[in-house]
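Have a look at the structure below before the remarks.
Rule-based calculations on the coordinates, nothing more; no lab input. Quick caveat, the model's predicted, so the values are computed rather than measured. As a convention, Cβ positions derive from the backbone with ideal geometry for all residues, glycine included, and neighbour counts pool all protein chains shown.
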């Protein structure tokens, strides 16, 4: 590009010298030469600062380590490597014998506790019903005794009938006392078992049963999102464990590129700026996009908890700031693996008339990608 600018400037100077018949001497040549140096240097400096570019850029992809919650042998691997699958499709099938046995055990325990609880509750209801019936019988006996006493006072009934009603009343009182004693006994039994936490086992078993059923569902490990599995090495018989991933799942990725710029450009990089990307694997093609995010933190400034005092001199050189770029064009028709290398140029609103120089430079670099010396 420098040579192109110099040749263009020389051509312009030649035309000016001939059109205006400027004498060619040491002063005119020196003036033209210095003017060209300052003009071209100024344009390049304005372009370099106002329209940043970087050769450190690549696509990126997210991976999810597939870790089994259960420690069980794998009995089936239905997924195929590098074949797109949908969210929820099975990746691994584990032996669920232990999980099923745990569910069956808890269901049996719950059935026993619930049956005992239902029996005690039924006994309590029956005792309460007996007390209510005895109270009703006592009230009826009291009414009959009072009626008999009234009839005796009027000489309508015999004293023997009154004595019969009084014995009936005493019997009703005795039955009520017996029913109330039975109710107190059942209440003491139920209260003691409730206080000991025996009936609370139902809620505890329900929680354990819910956990056991969830663990049983984990015997089939499913895809967390749309994507595919790559580098599939696991086979039936492998023991799945929590401490080690069984496979790596790669999610479907948006058309995004991460570019790293020098800190000198941080005042010029803004969300929404236009961007062009030239991929090393797609020579001769330029892809447009926009900056969707400017990462506000530089990795070199990260501090992790430790027992040592931070020493700034231990840090490396000035770190680079990263931006995320959304591509406007669909690149699915190209073979572009995640992590593909590229070059990025950003076109800001500052001195936009010199952006053409950056565009020409990027296209020249893109055409140079056809050259390969790896042979």
Gain upon complete extension [residue 44, residue 302; 0.36 nm per residue less C-alpha separation]: 89.5 nm
Rounded, prolate or oblate (a/c below 1.5 giving rounded, otherwise prolate when a/b exceeds b/c) for the stretch 224-301 by Cα gyration tensor: prolate
Calculated FRET value between residue 256 and residue 204, using beta carbons and R₀ = 45 Å, to 0.05: 0.40
Segment residue 356-residue 105, length gained on full extension (0.36 nm per residue, minus Cα span): 82.9 nm
Förster radius 51 Å - calculated FRET efficiency between residue 30 and residue 332 (Cβ-Cβ, nearest 0.05): 0.35
Length-normalised contact order for the stretch 241-375 - Cα pairs under 8 Å, 6+ apart - percent: 36
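Give me the extension gain from residue 367 to residue 222: residue separation times 0.36 nm, minus the current Cα-Cα distance, reported in nm with one decimal.
47.8 nm
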Cα gyration tensor, the stretch 238-375 - rounded (a/c under 1.5), prolate or oblate: oblate
At R0 = 56 Å, FRET efficiency that the Cβ-Cβ distance of residue 180 and residue 97 yields, to 0.05: 0.55
